[in-house]
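Just below is one structure, and these are the notes that go with it.
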Amino acid sequence: MSIVLEHLSKVFGGHGVVSNVSLEIADGELFVLLGPSGSGKSTVLRMIAGLLDSDEGRVLLNGRDVTGLPPQKRGVGFVFQHYALFRHMSVAENIEFPLAIRKVKPAERRRRRDELLDVVGLVGFEARMPNQLSGGQQQRVALARALAHRPEVLLLDEPFGALDAKIRAELRRSLRRIQGELGVTTIFVTHDQEEAFELADRTGVMNFGRLLEVGPPMELYLRPQTEFVATFLGRANLMVGECASDSVRLGSVRFPLDNQITSTGGERRVQVLFRPEDVAVRDSPNVLAVPLLGKAVVEEAGSVGSLEKLRLRLPPLPGVRPISPPVPFGVDSILVDATRSQDQARRYPMEPGDEVWVGVRRIHALLHPGLSFLLVAGGGAGREAAVDLGGEIARLAHARVTVLGLGSKGSGVAERLDRVRERMGSGLAALEIRHSSAGLADAVERETGRQPFDLVIAGRPPEGAVEAAEGALGRGEHHLLVVPEGSSIPKSVLICVAVGEPGKEDVHFAGRLVRHVGARATILTVLPERSADPARAQGERFLAAAARSLSVLGVQGETRIRKGRVLDQILAEFREGKHDMLVLGVPLVASGARASLDGHAAEVLKEVRDRPVLLVRSRGSE
Amino acid sequence: MKLPFGGPKRREKKGRPRSLNEPPLVRGLLTAAALVFILLFLLLPLGIVFAKALAEGWGMYSRSVFEPYALRAIRLTVLTTLIVVPLNLLFGIAAAWAVSKFDFRGKNLLVTAIDLPFSVSPVISGMLFVLLFGAQGLFGPWLLERDIKIVFALPGIVLATLFVTSPLVARELIPLMRSQGSEEEEMAVTLGASGLQTFLKVSIPKMKWGLFYGVILCSARSIGEFGAVSVVSGHIRGLTTTVPLHVEMLYNEYQFTAAFAVASLLTMLALVTLVLKGLIEWRASLRGEGK
């Protein structure tokens with residue numbers, strides 16, 4: 001392996017710019033690191049080059065740990081977006097610079113320089129100054145310079161970002177050829193998915209500092225596992241349907257799936273993806289030999305070069321919630337994007353307003369169903385904290401968010417919600433703002449009845465935290481995060497489990513959340529003071545299984561066993577380990593009944609007043 | 001102060017668009033006003049200096065310039081400049097480096113402090129050194145005991161000149177370095193250059209023109225500085241008089257021709273400075289450097 005990154009993290013001003021990125025890149029591979037601006041991809045590259053120190057984790061180049069080494073000793077070639085040619089040196093001097101630094105003899109330097117000028121196609125440009133070259137030529141010189149000292153690893157930071165489309169395409173071909181000829185292991189950072197498709201052996205998609213998925217670009221396009229990757233790579237029709245073992249139901253139609261989905265913890269909802277080219281459109285249902293979604297109205301139609309793009313509007317389907325393309329607020333129909341070849345478009349012309357039948361040729365279910373959060377705002381002290389921290393976590397988890405404002409009309413709720421909307425506006429999968437003048441328990445129950453949520457996030461009231469938590473847990477299926485004033489994104493999470501608990505729902509859900517916020521996890525179980533060895537062995541096995549399921553999610557976790565009184569030991573571990581979030585499983589008394597917190601959960605919630613506490617509903621022996 | 005070559009110079013080949021042009025009358029009046037001003041306040045005095053200097057012929061001119069006291073004044077001025085300029089170069093690079101590459105507490109304070117000598121009257125700067133190092137000053141007795149002379153001697157003149165000219169190099173470099181960023185340095189480092197190599201082979205050449213310009217301004221000001229030096233010099237003819245002080249003394253002694261002859265040297269220096277500055281700006285814009 002030429003490049004190995006192990007749990008690389010970087011924090012700027014309290015924000016995790018890169019969290020827990022692990023990656024292995026093979027010899028001679030061209031790897032494209034893809035992500036929107038601000039996703040941390042350039043930061044990763046700079047940490048590999050040594051231009052930035054990592055806060056955590058290791059960088060290995062060809063098996064050599066270079067984490068503590070200065071950039072000079074790492075032997076990498078780096079290319080910046082804005083070329084960074086030495087403006088006072090000629091092309092020849094620029095390319096020879098790394099050789100001159102290494103005291104290579106002039107004759108050898110000239111030979112290598114001529115070789116490289118030939119490779120990048122700039123023979124005869126030796127004497128030019130950088131400002132006498134076009135942008136594309138400057139970037140070729142920068143590439144030649146980065147390769148002059150025969151680096152083991154080539155790092156390119158959006159190298160073609162400042163160039164126009166035609167030159168970009170030309171340079172992409174040159175780069176692919178040069179990289180293939182020299183066999184130098186390369187990481188190419190870009191926000192342009194087209195570059196990923198054209199260049200990459202494999203590509204990794206980053207968002208909010210986390211590396212979400214890694215694979216060959218077409219594989220990620222056809223079979224993404226996360227909502228973000230599905231919508232970032234190409235255009236996507238994404239919706240939530242109901243899942244069965246080998247098929248998915250959208251409305252009344254069953255679609256066979258191209259992949260097996262392993263249903264986690266009794267999830268019945270599943271996100272499914274079909275690309276615009278997977279959509280079949282005709283004027284009659286009988287000529288379509290694929291499962292039908294229904295009858296739609298053509299909303300927009302237009303040609304872009306070799307393809308015709310259609311946007312279709314389907315009536316609402318029971319149990320189906322559209323995610324992408326996004327549907328405007330207050331509209332309950334479903335939008336579907338489709339593309340057809342120009343040949344098809346000529347043969348079966350369609351105009352906006354036409355009624356057509358829509359079928360789907362191929363459908364793919366996402367492994368990770370998207371998260372959806374309900375944030376409770378207002379209604380007393382501590383409730384703003386829920387919106388702040390909840391919004392931040394939702395951004396990291398790419399979750400859909402509904403903000404529920406509590407308070408009677410005229411109490412300033414509307415103004416407060418407007419501010420919330422402004423603050424949270426960007427970076428969320430979806431944001432809906434609602435208002436209720438009912439009390440916490442009733443309002444949450446009404447919302448969760450309208451639409452299921454994975455997590456309710458509520459502020460911790462100064463008094464009566466346990467009663468409020470019981471109210472917010474209510475009858476639904478959701479978990480609850482209780483947030484005290486002044487909480488920030490957790491970095492270290494303590495997950496408390498009881499040996500032999502029926503499900504591992506608590507570990508699983510907490511693991512997903514922890515992965516999204518990029519924190520570390522510790523799994524703790526407490527045994528009675530005088531427990532026998534078999535009990536201890538059982539405890540260890542249980543914790544090992546829990547740690548495994550965390551590592552499957554990509555979360556670094558360690559395990560702890562303590563003996564003594566449960567409450568004391570949990571609190572002791574929480575304080576000693578300097579953890580900043582606590583996760584507790586809450587067994588459901590009976591399905592459909594109101595939750596009641598008794599025993600440890602209530603005691604812990606009373607004691608831990610200054611850190612967020614996540615109460616995860618265990619599904620019991622359903 | 002204008003940044004000498006901040007940003008690419010776009011020569012406007014077609015001139016301003018008509019919509020932005022003022023009527024010919026306004027243009028003509030403005031241009032005429034500027035020309036008259038330049039003629040009255042710049043060219044006329046300049047001409048008078050040379051006319052007066054040569055009023056009694058070349059013989060008198062060369063006698064005035066080459067008489068021993070004048071030569072000594074020139075020597076002292078050159079010596080002061082040779083000491084002050086390199087020191088300011090060091091200070092300027094260090095200050096500009098600190099301000100443009102690092103973030104630290106009190107950075108804005110430092111930037112303001114760098115400009116301080118500009119906002120203080122030179123006379124007061126000079127008095128400051130007298131108060132510090134003079135016989136009745138803060139360190140006066142201590143210096144007296146050890147027989148170290150600062151005020152009314154070369155060290156005082158150097159210190160006063162240094163103080164007055166200290167912002168010049170830094171002021172040139174700070175905006176230049178800020179606009180240039182540090183990508184080239186980062187590049188050099190990934191290519192294997194050490195910190196010192198990066199500084200010598202990349203950073204210094206990058207700010208070359210800014211440095212030249214700063215040095216020219218700094219030299220011109222050190223040679224011409226009057227106020228601060230006047231206070232600390234003590235006007236000992238042939239020992240602590242610089243060229244400007246020498247001119248003043250000749251003038252006060254009603255030796256007008258000699259005064260103007262020596263003054264013409266300073267005037268020519270000013271012209272040389274202008275020409276050099278113009279040349280540098282022209283070269284920099286020609287090579288597209290300093291961007």
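For (1) part of a helix (DSSP H, G or I); (2) open to solvent by less than 20 Å² (accessible area, probe 1.4 Å); (3) in contact with a helix residue (DSSP H, G or I) (Cβ under 7 Å, 6 or more places away or on another chain), each residue gets a yes or a no:
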residue	(1), (2), (3)
B:Glu172	yes, yes, yes
B:Met187	yes, yes, no
B:Ile204	yes, no, no
B:Ser219	yes, no, yes
B:Leu239	no, no, no
B:His246	yes, yes, yes
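On the stretch given as the range B:138-161, residues that are touching a helix residue (DSSP H, G or I) at 6+ places or on another chain (Cβ under 8 Å) and either aromatic (Phe, Trp, Tyr) or under 22 Å from B:Lys107 (Cα atoms) (or both) total 2.
If only one of A:Arg172, A:Arg177 is assigned by TED's automatic domain parsing to the domain that holds A:Val66, farther than 23 Å from A:Glu227 by Cα and either in contact with a helix residue (DSSP H, G or I) (Cβ under 8 Å, 6 or more places away or on another chain) or at pLDDT 95 or above (or both), which one is it? Unique residue meeting the criteria: A:Arg172. Kindly indicate whether any position in the range A:599-617 is modelled with pLDDT under 80 and more than 30 Å from the chain's Cα centre (by Cα). Yes.
Cβ-Cβ contacts under 6 Å between residues 6 or more apart (or on different chains), taken from a first residue in the range A:8-20 that is within 17 Å of A:Ala49 (Cα to Cα) to a second residue that is part of a loop (DSSP other than H, G, I, E, B) and open to solvent by 60 Å² or more (accessible area, probe 1.4 Å), are listed as A:Ser9/A:Asp55; A:Lys10/A:Asp55.
Candidates in the range A:90-115 are the residues that are more than 10 Å from chain B (Cβ to nearest Cβ), farther than 19 Å from A:Met129 by Cα and in a loop (DSSP other than H, G, I, E, B); of these, the one that is farthest from the chain's Cα centre (by Cα) is A:Lys105. Only residues that are at negative phi and either open to solvent by less than 60 Å² (accessible area, probe 1.4 Å) or among the aliphatic types (A, V, I, L, M) (or both) were counted in the range B:98-124, giving 18.
Looking at the structure I just gave you, is A:Val4 in contact with a Pro (Cβ under 7 Å, 6 or more places away or on another chain) and at pLDDT 90 or above? When the stated conditions are applied, A:Val4 does not pass them. For the range B:175-194, the set of residues classified as farther than 14 Å from A:Phe80 by Cβ and more than 9 Å from every other protein chain (Cβ to nearest Cβ) consists of B:Pro175, B:Leu176, B:Met177, B:Arg178, B:Ser179, listed by residue number.
Screening the range A:212-228 for residues that are at pLDDT 90 or above and hydrophobic (A, V, I, L, M, F, W, C) and picking the one that is least open to solvent (accessible area, probe 1.4 Å) gives A:Leu220.
Determine whether the range A:354-372 contains at least one residue that is part of a strand (DSSP E or B), farther than 20 Å from A:Leu288 by Cβ and either touching a Gly at 6+ places or on another chain (Cβ under 7 Å) or modelled with pLDDT of 80 or more (or both). Yes, the range A:354-372 contains at least one residue that is part of a strand (DSSP E or B), farther than 20 Å from A:Leu288 by Cβ and either touching a Gly at 6+ places or on another chain (Cβ under 7 Å) or modelled with pLDDT of 80 or more (or both).
Per-residue answers, yes or no, for (1) outside the structural domain of A:Val184 (by TED's automatic domain parsing); (2) over 20 Å from A:Pro490 (Cβ atoms); (3) outside any helix (DSSP H, G or I):
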| position | (1), (2), (3) |
| --- | --- |
| A:His7 | no, no, yes |
| A:Val17 | no, no, yes |
| A:Val21 | no, no, yes |
| A:Pro36 | no, yes, yes |
| A:Val44 | no, yes, no |
| A:Thr67 | no, yes, yes |
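Considering B:Leu250, B:Leu279, the condition of being in a helix (DSSP H, G or I) and over 28 Å from B:Tyr69 (Cβ atoms) is satisfied by B:Leu279 alone. Among the residues making up the range A:311-337, those that are out of contact with any Ser or Thr (no Cβ under 7 Å at 6 or more places or on another chain), open to solvent by less than 20 Å² (accessible area, probe 1.4 Å) and in a strand (DSSP E or B) are A:Leu312, A:Ile334, A:Leu335, A:Val336, A:Asp337. Applying the set (1) open to solvent by 30 Å² or more (accessible area, probe 1.4 Å); (2) more than 24 Å from A:His579 (Cα to Cα); (3) of a type in the set (A, V, I, L, M, F, W, C) to A:Ala498 leaves exactly one unmet item: (2). For the range B:248-291, the set of residues classified as more than 14 Å from every other protein chain (Cβ to nearest Cβ), open to solvent by 70 Å² or more (accessible area, probe 1.4 Å) and charged (D, E, K, R) consists of B:Glu253 only. Quickly run through the range A:75-89 and pick out the residues that are facing chain B (nearest Cβ under 7 Å) and without any contact (Cβ under 8 Å) to a residue 60 or more places away in the chain. If the condition is that a residue be facing chain B (nearest Cβ under 7 Å) and without any contact (Cβ under 8 Å) to a residue 60 or more places away in the chain, then A:Ala84, A:Phe86, A:Arg87, A:His88 are the ones that fit.
When A:Arg102 is tested against (1) closer than 20 Å to B:Ser194 by Cα; (2) surrounded by 15 or more Cβ atoms within 10 Å (Cβ to Cβ), just one condition goes unmet, and that condition is (2).
For every residue, the table says whether it meets (1) modelled with pLDDT of 85 or more; (2) open to solvent by less than 40 Å² (accessible area, probe 1.4 Å); (3) under 29 Å from A:His579 (Cα atoms).
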{"residue": "A:Val420", "(1), (2), (3)": "no, yes, yes"}
{"residue": "A:Leu440", "(1), (2), (3)": "no, yes, yes"}
{"residue": "A:Gly449", "(1), (2), (3)": "no, no, no"}
{"residue": "A:Leu455", "(1), (2), (3)": "yes, yes, yes"}
{"residue": "A:Gly476", "(1), (2), (3)": "no, yes, yes"}
{"residue": "A:Val482", "(1), (2), (3)": "yes, yes, yes"}
{"residue": "A:Val507", "(1), (2), (3)": "no, yes, yes"}
{"residue": "A:Arg515", "(1), (2), (3)": "no, no, yes"}
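For the range A:47-74, the set of residues classified as touching an Asp or Glu at 6+ places or on another chain (Cβ under 8 Å), more than 8 Å from every other protein chain (Cβ to nearest Cβ) and open to solvent by 10 Å² or more (accessible area, probe 1.4 Å) consists of A:Gly57, A:Arg58, A:Leu60, A:Asn62, listed by residue number. Could you tell me whether A:Ala144 is part of a helix (DSSP H, G or I), within 13 Å of chain B (Cβ to nearest Cβ) and either open to solvent by 50 Å² or more (accessible area, probe 1.4 Å) or closer than 25 Å to A:Met1 by Cα (or both)? Taking the combined requirement at face value, the residue satisfies it.
Taken together, the criteria exclude A:Leu33 from residues that are over 23 Å from A:Arg145 (Cα atoms) and touching a residue at least 12 places away in the same chain (Cβ under 8 Å).
What number of residues in the range A:46-57 are under 22 Å from the mean Cα position of the chain (by Cα), outside any helix (DSSP H, G or I) and not hydroxyl-bearing (Ser, Thr, Tyr)? Adding up the residues that qualify gives 3. Number of residues in the range B:49-70 that are assigned to a helix (DSSP H, G or I) and either modelled with pLDDT of 90 or more or open to solvent by 80 Å² or more (accessible area, probe 1.4 Å) (or both): the value is 6. Filtered by the rule that a residue be surrounded by fewer than 20 Cβ atoms within 10 Å (Cβ to Cβ), over 20 Å from the mean Cα position of the chain (by Cα) and either part of a strand (DSSP E or B) or on the phi > 0 side of the Ramachandran plot (or both), the range A:23-33 gives a lone residue, A:Gly28.
The values are calculated or read from the model by the stated rules, or taken from the named source; none is laboratory data. All figures in this text were calculated on a predicted structure; none of them were measured in a lab. Here the Cβ is made from the backbone with ideal geometry for all residues, glycine too, and neighbour counts use every protein chain on show. Each accessible area value is taken on the protein alone, full model and side chains, heavy atoms only, with ligands, DNA and RNA left out. Shrake-Rupley method; radii C 1.70, N 1.55, O 1.52, S 1.80 Å.
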